[in-house]
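Have a look at the structure below before the remarks.
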Amino acid sequence: MKILLVEDHRLLARAVKQGLEEEGFAVDTAANGEEGDFKSRGATYDVIILDIMLPMEDGLSLLKKWRKAGMQSHILLLTAMGSMEDKVRGLDLGADDYLAKPFELEELLARVRALVRRGHHAKDPVIRVHDLEIDTGAHSVRRGGKEIYLTPREFALLRFLAYHRGKVVTRSMIWEHLYDEHDDNTSNVVDVYIRYLRNKIDKNFKPPLILTRWGEGYMIKGD
Amino acid sequence: MRSIRFSLAVFFISLLGISFGAASVLAYRIAWKNSDDRRIAREELEESRLKDRYREETNRLDDALLFQAQTLARLVQFQTDWGKLRYLELQALGLLSAPFSPHGAASIPLWAIQSSRTFSFEIYRRAVPLIRFNQEDLLERLDGQVAEFFQVETAWGASYLSQSLGKNKMLAELPKIPTDEVLHWDFEDYELENGKQVRRVILKASQFLIGAPQRNRNNPPFGGAQRPGDQNPPRNNPRPPTGGQPNTPPFFRPAITIQCAYDLSRREAQFEQFAKESEVEIGNFQSEIAGSLRDFRNRLFLMNLGVFAVGVVVSPWIVGAGLSPLRNLTAAVSKVNEKDFHLDINQSRLPKEIQPIAARLEQTLGQLKKAFAREKQATADISHELRTPLAAMLATFDLGLRKNRSVEEYRELLKECRQSCKQLHQEVERLLTLARLDAGADPLRLCSFDLSTLVHECAQLIQPLADQNGYRLVCDLKPDVALHSDPDKIREVILNFLHNAIHYNRPQGSITLSMRTAEGKAVVGVSDTGIGISEQEKGLIFERFYRVDPSRHAAEGGHSGLGLAIVKGYAELLQATLEVDSIPNEGSTFRLILNGPIELEQQAQVPASVA
């Protein structure tokens, strides 16, 4: 799950980025409108958190431009202008959600999670695959009723695979969605994390849920 | 609340009333004058008519009097035994024949005595019977009886006085009758001895006058052919109609004088009657005129009333129609609200009296719109500037509280919180400064100070920051310039310039701080080698929240775009001028030009060198 955070306030951006990363999201940041626009073209983001008052190009014009260009990412407007009119205007221009500054970090994270769910047409925050239960809200994973502890990155990988269950996800897709712009690890790190995940999820259980499609990628067995 | 419509309607009606009233008064006056003229003319006419009537009446009475006198004369003639009077002729014959007859000469003196008139008349008086009239008979026989008084005198001495005269004999100075006239008469007013005023005619038949009655039958001597003319009394008789000498020698007859008179009071009564009639006539005419004037006045009054009524009914409409552009303007203005400042009116179709109002209104609305937009923008900016660091702080706290972290992590988060807090504090301070400036609550605190020292202090203050960023700070200060102003505000302005110079400089750039005096002004300039300001932006940089390159905001922590707005406010307060020179991507120079510096060269030289 990859998120673009377009926010010109360095400290705010840093805090939000860290919060999102701790949720297992890969976060790219942009400090002004132009940078945001540029980055949005370079990758597919699940969610874009967009400040309205931005240097260079303001958030609303970016939003208009992106929606016109057919961008599918969910967009959460983050702004100091919290009046009803501003919210209505933002949502009518194609935003999916709106959050006024100052905000609770947890609320922002919850909204981002909701947007991610929506992106995968999942209403239930708990993804169930066979006897595996992934609670995207509480960040807990159970298999056969047994709690399994995952690192944020493992969790993110599992969540990504689970959202795409029944479909093959390539390494590059995983790479693209789970690692931000600053990660410079090579792509076999994906294989490493898959192995960690299998160790925790499939090792003591039957049947194995994480399958390898040789030459293509990985997938979680669909029902 | 006064209504224009009402006032205008009242003016309109008043004007209508006044003009119609004035016209009516004028018309009435003309009519009045006209009828007065008519009245005067009528009175004059009436007067002359009255005079005519008097004259006619007098003439009529005179004619009647004359006629009666003539009748009387005839009566006298009838009563006279003319045969006896022939002796008078014989007398003359006797006198003539006396020289030729025997003893005739002796009788000449006798004849001569006899020939003398007095003597003869005495004889005639005795010889000719006295004239007697029966009073009643006489009055009966006179047609159209006018005369009351009759007096007959004859050449031979016989006379008659009517009883009405009594002893009051009328005396008359008889005019000499021209020889060719048969009859002669005169009219005159006369006063009797008893004081009675009468009108009389004196008719005299001359001595030779009366021809033989038998021969003159067709032309009676006293006939109506000799009607008097229209002359006013006293009148002289006209030329006799006989046209000169009678063709037969007149038969001698002695003169008869007849006077007929009537009491003038009788005529006066008639005159009074006439005057009364005339007065009645004039009175009628006057009342007729007064009536028509009254009618005219009433009609004018009614007309005015009508006009007034029509004015009252119609004027609100007319005025309303005239005021319709104003109403349109009002409607357009009432449509204006804080969301739509457009004045929905076609200005070119407004009357020229209202156009300036509409134009001004539109202009003001435009300014208001801008002000509203600015206000809105300012609100948005302020919320952004305050909420963003607040949000950062909150987010950082939230992050810290999410889970247990290492001490280093907490330290890092706390540092970030402090940074956000500091930024928030600066922002609040700037906003408060601006608010104080707006409210005029930031007065100048004037004192005399050395500007050179102040600028130098600023340079010292900024030096560490410049060093930290790797910029070279160059100072070019004229020493010992004293100023009487507010040093704190000037310092604030210079520091602001310097901060901007650091903020917008390019790496390894330089900053030049200069101070000099020229033309009685002190100029403090700060130049940088930064990004510069484009020509369009020059007017905007002093606007609140405007940033030349906002992308660097917040990242450096501290430049919200209020600094130059505060500088502008301070400069206005200091009555100083701000100047900006800039070449984009090469650098900018900001100058603060202060009035009234005093150079302290001489006085300050000594302490400066001592120091």
Members of region A:1-23 that are within 12 Å of chain B (Cβ to nearest Cβ) and touching a His at 6+ places or on another chain (Cβ under 8 Å):
A:Asp8, A:Glu23
Does region A:92-101 contain any residue that is within 14 Å of chain B (Cβ to nearest Cβ), under 18 Å from A:Asp8 (Cα atoms) and at pLDDT below 90?
yes
Please go through region A:74-94 and pick out each residue that is assigned to a loop (DSSP other than H, G, I, E, B) and either open to solvent by 10 Å² or more (accessible area, probe 1.4 Å) or outside the structural domain of A:Gly42 (by TED's automatic domain parsing) (or both).
A:Met81, A:Gly82, A:Ser83, A:Leu93, A:Gly94
What's the number of the only condition in (1) aliphatic (A, V, I, L, M); (2) assigned by TED's automatic domain parsing to the domain that holds A:Leu78; (3) in contact with a strand residue (DSSP E or B) (Cβ under 9 Å, 6 or more places away or on another chain) that A:Ala156 fails to meet?
(2)
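Which ones in region A:24-51 are facing chain B (nearest Cβ under 10 Å), open to solvent by 10 Å² or more (accessible area, probe 1.4 Å) and over 15 Å from B:Ala392 (Cα atoms)? I'd like the intermediate steps shown before the answer.
Applying the first criterion (facing chain B (nearest Cβ under 10 Å)) to region A:24-51 yields A:31-35, A:51.
Remaining after also requiring open to solvent by 10 Å² or more (accessible area, probe 1.4 Å): A:31-32, A:34-35.
Result: A:Asn32, A:Glu34, A:Glu35.
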Read through the list (1) modelled with pLDDT under 80; (2) of a type outside the set (A, V, I, L, M, F, W, C); (3) closer than 24 Å to B:Asp488 by Cβ, then give the number of the only condition that B:Glu556 fails.
(3)
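Residues checked against (1) in a helix (DSSP H, G or I); (2) at the interface with another protein chain (Cβ under 9 Å from one of its Cβ atoms); (3) open to solvent by less than 70 Å² (accessible area, probe 1.4 Å); (4) touching a residue at least 24 places away in the same chain (Cβ under 8 Å):
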| site | (1), (2), (3), (4) |
| --- | --- |
| B:Leu368 | yes, no, no, yes |
| B:Gln377 | yes, no, no, yes |
| B:Leu386 | yes, yes, yes, yes |
| B:Tyr410 | yes, no, no, no |
| B:Arg418 | yes, no, no, no |
| B:Arg430 | yes, no, yes, yes |
Just to be sure I understand, how many residues within region B:1-35 are closer than 17 Å to B:Met303 by Cβ and of a type in the set (D, E, K, R)?
1
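Of all residues in region B:473-486, which are open to solvent by 20 Å² or more (accessible area, probe 1.4 Å) and outside any strand (DSSP E or B)?
From region B:473-486, those open to solvent by 20 Å² or more (accessible area, probe 1.4 Å) are B:473-480, B:484; that's our starting set.
Within region B:473-486, B:Lys478, B:Pro479, B:Asp480 meet the criteria.
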So, of the residues in region B:391-401 that are facing another protein chain (nearest Cβ under 7 Å) and either within 11 Å of A:Glu104 (Cβ to Cβ) or among the hydrophobic types (A, V, I, L, M, F, W, C) (or both), which turns out to be farthest from the chain's Cα centre (by Cα)?
B:Leu399
The lone condition B:Asp295 fails out of (1) under 30 Å from B:Leu26 (Cβ atoms); (2) of a type outside the set (Val, Ile, Thr); (3) open to solvent by 90 Å² or more (accessible area, probe 1.4 Å) is (3)
(1) open to solvent by 40 Å² or more (accessible area, probe 1.4 Å); (2) in contact with a strand residue (DSSP E or B) (Cβ under 9 Å, 6 or more places away or on another chain); (3) within 14 Å of chain B (Cβ to nearest Cβ); (4) touching a residue at least 12 places away in the same chain (Cβ under 8 Å) all hold for A:Glu107 apart from (4)
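Just checking: which of the helices (runs of 4 or more DSSP H) contained wholly in region A:151-214 hold 1 or more residues that are at pLDDT 85 or above and of a type in the set (A, V, I, L, M, F, W, C)? If you could, list the steps in order and put the result at the bottom.
On the way: elements: A:152-163, A:171-178, A:188-201.
It comes to A:152-163, A:188-201.
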Might you let me know whether region A:63-71 holds any residue that is of a type in the set (Gly, Ala, Ser), over 18 Å from the mean Cα position of the chain (by Cα) and more than 14 Å from chain B (Cβ to nearest Cβ)?
yes
Those residues of region B:341-361 which are in a helix (DSSP H, G or I) and not small (Gly, Ala, Ser) amount to B:Gln347, B:Arg349, B:Gln355, B:Pro356, B:Ile357, B:Arg360, B:Leu361
Taking only region A:123-167 into account, find how many residues are acidic (Asp, Glu) and surrounded by 13 or more Cβ atoms within 10 Å (Cβ to Cβ).
4
Considering only region B:310-340, state which residues are surrounded by fewer than 11 Cβ atoms within 10 Å (Cβ to Cβ), of a type in the set (D, E, K, R) and part of a helix (DSSP H, G or I).
none
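The values are calculated or read from the model by the stated rules, or taken from the named source; none is laboratory data. Here the structure is a predicted model, which means the values were calculated and not measured. Cβ: placed from backbone, ideal geometry, glycine included. Neighbour counts: every protein chain shown. Ligands, DNA and RNA are stripped out before the accessible areas are found, and what is left, the full protein with its side chains, is counted by its heavy atoms. Shrake-Rupley method; radii C 1.70, N 1.55, O 1.52, S 1.80 Å.
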